[in-house]
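The next block holds one structure in the form of structure tokens; read it before the comments.
The values are calculated or read from the model by the stated rules, or taken from the named source; none is laboratory data. Model, not experiment: these values are computed from the prediction. Note: ideal-geometry Cβ built from the backbone for every residue, glycine included; neighbour counts use all protein chains shown.
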Amino acid sequence: MSPGTGEVRPAGTLTQVSGDEELETYSLVELAVDRLRRDILSGRTDPGGRLVEEQLTRRLGISRAPLREAMRLLAQQGLVEHIPRRGARVATLSDDDVRELYEVRDVLERHAVAAIAPRADLTALRAALDTMRRATVADDRLELANAHRRFHVEVVRLGGNAQLAGLYESILVRIQLYMAVNMRREAELARATDGVLRHERLLTAVETGDAALVKEALSGHGATAYLAQR
């Protein structure tokens, strides 16, 4: 029987979902993805941290269906993993995984840097650095982590290979939760502006148009400092 109409539906007939209901469900999925992604990539939720459905539905104010879809999407991005009979948790990477991802990152960066054209447009690179400065002042960990990622993606994008830049960004997303831990440790042990200064030096090297100088700046950039502390 159809609710509110008294109409009896044949057995096996699916109830039609309106476009508004689909949009609302999709919006709830987007909300959950955004909130959980922020928690993970800001370092607020550590790698391996459990993601308990009951707690998350209560905190986010949504039902299990959109939450599970959000978790599925985050798993596709490599940020969440499902453990049989134990539920979901923030993705973890072994020491070898992290080291190998940093090595691939390094290879892609250096390949892209060698192809940067003279007098390349550095507008997006400078914008990412400006965002980094503001996030540092505001102590916004997520915005700072995102600005770090955007800056390096823009460096690689200057090489003119969109496919390589896309692959490079997917690698950075996978290791960003570990990068967030790295930046948290840096905040405890160093001046808040140290990260900005490193990226300013890298921008200065890119502005010269000299690939050798950019590679030298990347070598001293400290991207793998976290590996020695794991």
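Return a yes/no flag: does segment 144-157 have any residue that is surrounded by fewer than 17 Cβ atoms within 10 Å (Cβ to Cβ), more than 11 Å from the chain's Cα centre (by Cα) and either at pLDDT below 95 or not aliphatic (A, V, I, L, M) (or both). Checking segment 144-157: not a single residue is surrounded by fewer than 17 Cβ atoms within 10 Å (Cβ to Cβ), more than 11 Å from the chain's Cα centre (by Cα) and either at pLDDT below 95 or not aliphatic (A, V, I, L, M) (or both). Of the residues in segment 187-200, at least one is surrounded by 17 or more Cβ atoms within 10 Å (Cβ to Cβ), modelled with pLDDT of 60 or more and of a type in the set (A, V, I, L, M). Look at (1) more than 15 Å from residue 214 (Cα to Cα); (2) in a loop (DSSP other than H, G, I, E, B) and you find that residue 159 fails only one, number (1). Looking at residue 137, is it in a helix (DSSP H, G or I), over 22 Å from residue 217 (Cβ atoms) and under 18 Å from the mean Cα position of the chain (by Cα)? For residue 137, the condition - in a helix (DSSP H, G or I), over 22 Å from residue 217 (Cβ atoms) and under 18 Å from the mean Cα position of the chain (by Cα) - is not met. Of the set (1) touching a strand residue (DSSP E or B) at 6+ places or on another chain (Cβ under 6 Å); (2) surrounded by 19 or more Cβ atoms within 10 Å (Cβ to Cβ), all apply to residue 125 but (1). Elements of the type helices (runs of 4 or more DSSP H) sitting completely within segment 1-112 and holding at least 1 residues that are among the acidic types (Asp, Glu) and at pLDDT below 90: these cover 19-41.
Restricting attention to segment 158-173, the residues that are buried (at least 18 other Cβ atoms within 10 Å of the Cβ) and hydroxyl-bearing (Ser, Thr, Tyr) total 1.
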